[in-house]
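The values are calculated or read from the model by the stated rules, or taken from the named source; none is laboratory data. Please read all numbers here as calculations on a predicted model, not as lab measurements. Note that we place each Cβ from the backbone using ideal geometry, even for glycine, and neighbour counts take in every protein chain shown. Note: areas computed on protein heavy atoms with side chains; ligands, DNA, RNA excluded. Shrake-Rupley method; radii C 1.70, N 1.55, O 1.52, S 1.80 Å.
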Amino acid sequence: MNKHLDLKTVVLMGRTFEEYYKMFDFDNELLKNEILLDAASGVSSFCAEANAKGFNVTASDKIYCLHPDEIETKCAKDLDSVMEQMPAIADIYLWDFFKDIQSLKANREKAYRSFLEDFKKYGIIRYKPVEYPITDFRDEEFTMSLVSHLLFLYEDKLDYDFHKKTILELLRISSREIRIFPIVNFKGIRSRYIEFVHDEDFRNLKISIKRVGYEFMKNANEMMVIRK
Ligand SMILES: C[S@@+](CC[C@H](N)C(=O)[O-])C[C@H]1O[C@@H](n2cnc3c(N)ncnc32)[C@H](O)[C@@H]1O
């Protein structure tokens, strides 16, 4: 794909519970038994919606040290700048989950508004300020960690060392596994960092790639599962 979303930095863009459910191939039976960490969760409403449904989710992101108004200003601006690019690159996306650009925008706004409401209500209880790859979570504090739309996707902005250290840290604080979606970059090409599976530090892990029932950007339809 030559056409692609052109971003200067990692954007503050949030997805909903429904999207996470599909991206990470969840079912309610699995979810109800997990203690989940959403890593780099930003303005996603996954944590808010999941906890409202009775699931156990903690969110973590470097923005959680900011005031909610500051987060709101920044995510509204990021959303506008992404939406400006959409008409010119609309054909690199599949328009079934979202029917058009307007419904995409409405969904992203709904996500960040739900997030903000929950963030104001629960603050540090649910939303931990963390700058990966370093955290002060306890060993195996969570059963599973999720990373949506950061690792692999932003391979041109985040180097191999960041990927490796972040994955190793998530493995330290998760007792069973981590799931990462997507595994392609913004051009829809599998990230070159997928090769990390050959790194010595990952030799005792079970790493698999699974097709999931979510594809918005074309080719972004697989998650990586790393099991201890
Ligand atoms: C594109 S958003 C994805 C948000 C959410 N995971 C989702 O899919 O809806 C990327 C997020 O990564 C966060 N981020 C980037 N680098 C980070 C780091 N080193 N530590 C923690 N968060 C980081 C940003 O603040 C932003 O909220």
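For the reader, a short list of remarks on this structure follows.
- Average accessible surface for region 61-172: 52 Å² per residue, computed with a 1.4 Å probe over protein heavy atoms with every protein chain in place.
- Quarter the surface of the alpha carbon convex hull of region 113-220 and you get the mean projected area, 8.1 square nanometres.
- Sparse-neighbourhood loop sites, trypsin sites (Lys or Arg not before Pro) in region 2-71 - DSSP loop, at most 16 other Cβ within 10 angstrom: LYS3, LYS8, LYS53
- Whole-Å distance, taken between Cα centres, linking region 61-87 and region 144-164: 19 Å
- When only the Cβ of Lys, Arg, Asp and Glu is charged (+1, +1, -1, -1), the dipole of the chain relative to its Cα centre reaches about 260 debye.
- Modelled FRET efficiency - R0 35 Å, LEU205 with MET86, Cβ distances, 0.05 increments: 0.40
- With every protein chain in place, region 17-227: carbon and sulfur % of accessible area (1.4 Å): 49 percent
- For region 17-227, radius of gyration divided by Kirkwood radius, i.e. Rg to Rh on alpha-carbons: 0.94
- Gained length - HIS4 relative to ARG176, 0.36 nm times residue gap less alpha-carbon distance: 58.5 nm
- Distance between region 194-228 and region 1-43 - C-alpha centres, whole angstrom: 15 Å
- Were the residues from ILE194 through ASP136 laid out at 0.36 nm apart, the gain over their Cα-Cα distance would be 18.2 nm.
- Region 119-170: trypsin sites (Lys or Arg not before Pro) in DSSP coil with no more than 11 other Cβ atoms inside 10 Å: ARG138
- Among the listed pairs LYS105/LYS210; LYS8/LYS187; LYS3/LYS74, those with a Cα-Cα distance over 23 Å are LYS105/LYS210; LYS3/LYS74.
- Shape summary: region 1-104 maps onto an equivalent ellipsoid whose semi-axes, from the alpha-carbon gyration tensor, are 26, 19, 11 Å in decreasing order.
- The sum of -39500 (n - 2.57) across all DSSP H runs of n ≥ 4, divided by the residue count of the chain, sets its helix-only mean residue ellipticity at 222 nm to -10500 deg cm²/dmol.
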